[in-house]
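Written out below as C-alpha cells is the structure these notes cover.
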Amino acid sequence: MEITANNMTRTVLFILITGSLLAILACKNEPKNASATDTAPPPDPELARLNLLIEKEPANDSLLFLRAETYYNLDAYDEALRDLSAAMRQDSLQPQYYHLLADVLLDYARPNDSKRAIDVLLTAAYLFPDRIPTLLKLSEFQLIVQQHGDALGTLDKILKRSPQNAEAFFMAGRVALDMGDTARAVTSLKKSVQYDAENADAWRFLGRIFLNQNNPQAIQYFDNALRVDSTDLASREFKALYYKINGDFDKAFEVYRAIIAHNPDYSNAYFDMAAIYLEMDSLQRAYDHFNFAIKTDPLFVMAYYYRGHTSELLGNLEAAKTDYRQASKMSPNYPEPKAALERLGK
C-alpha cells in the first residue's frame with residue numbers, strides 16, 4: 001500500500017513538472033527564417049547516430065536523454081527540452097533527467113528560467129531525498145542564484161546523512177566565501193581536504209583566500225592543487241601572481257615559463273610576463289611579450305593597448321597610435337585607448 005502511495009505522489013509531481021515543462025516549450029523563441037546566405041553547420045556525428053537509433057526506438061527514454069544531452073552540449077536548448085520532456089513522460093524517476101533539465105534551463109537563461117531550474121531540482125530532491133548528488137546539485141544552483149540560506153540548509157541535510165562528506169564541506173566553503181565570511185569558508189574548505197585530499201578545487205580555493213591575504217601559505221595550497229592536477233593552469237597563475245605581488249619576479253618568471261612550456265599558445269602567460277617586464281622598465285622585453293600575447297590571441301584587446309603603451313614609452317608614436325586605434329576599435333567602451341589617442345592627437 002505504501003508503494004502505491006509513493007507512486008501516486010511521484011505521479012502527481014511528474015504531472016506538475018511536465019505541465020511546467022510544456023509551458024516552457026510553449027514560450028520558446030521563434031526560429032529564424034533560413035536565408036540563402038545561411039551556412040548550415042556540419043552535422044554532429046553523435047547526433048546523427050542518436051537520430052538513427054531513435055527512429056527505430058522513438059519511446060526509448062535513455063536514447064532521448066542522450067540526445068537531449070548532445071543538444072545541450074551544442075547549445076540547442078529548445079531541442080534538448082523537447083527530448084527531455086519526451087524522456088520524462090516515459091520514465092519520471094531518473095534523477096539525471098532532472099539534473100540535465102536544470103542545466104538546460106539555467107544556461108538558456110530566459111526570464112524566470114533560473115527559478116524553474118531551482119524548482120526542478122527541488123522536485124528531484126523531494127523525489128530522491130536520500131540521493132546526495134541531487135542535493136549537492138541543488139546546493140550548487142542555490143549558490144548560483146545567491147540563495148545562501150537555502151544552500152546551507154540543503155548542505156546541512158547532506159551532512160546529517162554523511163557527516164564526512166568532503167564535497168558538502170567544499171560547497172559550504174564556497175557559500176561562505178560568496179557571503180563574505182572568509183573564516184567560515186576556510187574552516188569548511190579545510191574540512192573538505194581533510195576528508196578528501198584529492199579535491200584540487202578545494203585546495204585552489206584555499207590558496208586564493210590566502211593569496212588575497214598575502215599569506216605565504218597560499219603557495220602550499222596551490223602546490224597541493226597541482227599535486228592532484230598537474231594541468232591546473234589557474235593554480236600556476238595564482239602562484240605566479242603571489243610571487244609578482246611580493247616582488248619575487250624570478251620565481252614568477254619561472255612559473256610562467258613552466259606554463260608556456262606545456263601551453264605555448266597560452267596568451268595570458270605572455271601578457272603577465274610582459275607586465276612584469278614593464279614594471280621593471282625592461283621595455284623591449286615587455287614589447288616582445290605583449291607581441292607574443294597578441295600572436296597567440298589576436299583578439300586580446302588589453303595586449304594591443306599595452307603594446308601601444310610600450311611603443312609610446314620606446315618613442316615609437318606611430319606604432320603606439322596603431323595599437324591604440326586597434327584596441328579602441330575592438331572594444332569601444334575601453335577608455336584607456338581613447339584617452340591615449342586624445343593625448344597623442346588622432
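Things to note:
- Against the list (1) out of contact with any Ser or Thr (no Cβ under 6 Å at 6 or more places or on another chain); (2) outside the structural domain of Y97 (by TED's automatic domain parsing), the condition A109 fails is (2).
- Of everything in the stretch 292-333 that is in contact with a Lys or Arg (Cβ under 9 Å, 6 or more places away or on another chain) and surrounded by fewer than 17 Cβ atoms within 10 Å (Cβ to Cβ), the residue that is farthest from F271 (Cα to Cα) is P332.
- Summed over the stretch 177-193, residues that are surrounded by fewer than 21 Cβ atoms within 10 Å (Cβ to Cβ) and either assigned to a helix (DSSP H, G or I) or of a type in the set (A, V, I, L, M, F, W, C) (or both) total 10.
- Qualifying residue in the stretch 94-114 (condition: of a type in the set (A, V, I, L, M, F, W, C), more than 27 Å from S188 (Cα to Cα), out of contact with any Phe, Trp or Tyr (no Cβ under 9 Å at 6 or more places or on another chain) and touching a residue at least 60 places away in the same chain (Cβ under 8 Å)): yes
- Residue check for Y306: in contact with a helix residue (DSSP H, G or I) (Cβ under 7 Å, 6 or more places away or on another chain) and either over 16 Å from F253 (Cα atoms) or in contact (Cβ under 8 Å) with a residue 40 or more places away in the chain (or both): yes
- The listed residue being more than 24 Å from T134 (Cα to Cα) and acidic (D, E), out of D201, D181, D156: D181
- Single unsatisfied condition, L278 versus (1) surrounded by 19 or more Cβ atoms within 10 Å (Cβ to Cβ); (2) more than 20 Å from the chain's Cα centre (by Cα); (3) closer than 25 Å to L143 by Cα; (4) of a type outside the set (D, E, K, R): (3)
- Test result for T123, surrounded by fewer than 24 Cβ atoms within 10 Å (Cβ to Cβ), β-branched (V, I, T), over 18 Å from the mean Cα position of the chain (by Cα) and outside the structural domain of L81 (by TED's automatic domain parsing): no
- Out of F253, F292, F222, sole residue that is touching a Ser or Thr at 6+ places or on another chain (Cβ under 8 Å), modelled with pLDDT of 95 or more and under 30 Å from Y324 (Cα atoms): F292
- Contact map, the stretch 58-85: first residue without any contact (Cβ under 8 Å) to a residue 24 or more places away in the chain, second residue of a type in the set (S, T, Y), Cβ cut-off under 8 Å, separation 6 or more or different chains; pairs are E79/Y71; D83/Y71.
- Positions within the stretch 127-154 being closer than 13 Å to S114 by Cα, among the hydrophobic types (A, V, I, L, M, F, W, C) and crowded, with 18+ Cβ neighbours inside 10 Å, in sequence order: L138, F141, L143
The values are calculated or read from the model by the stated rules, or taken from the named source; none is laboratory data. From a predicted model like this one, the values you see are computed outputs, not experimental measurements. Cβ atoms come from the backbone with ideal geometry, glycine included; neighbour counts cover every protein chain shown.
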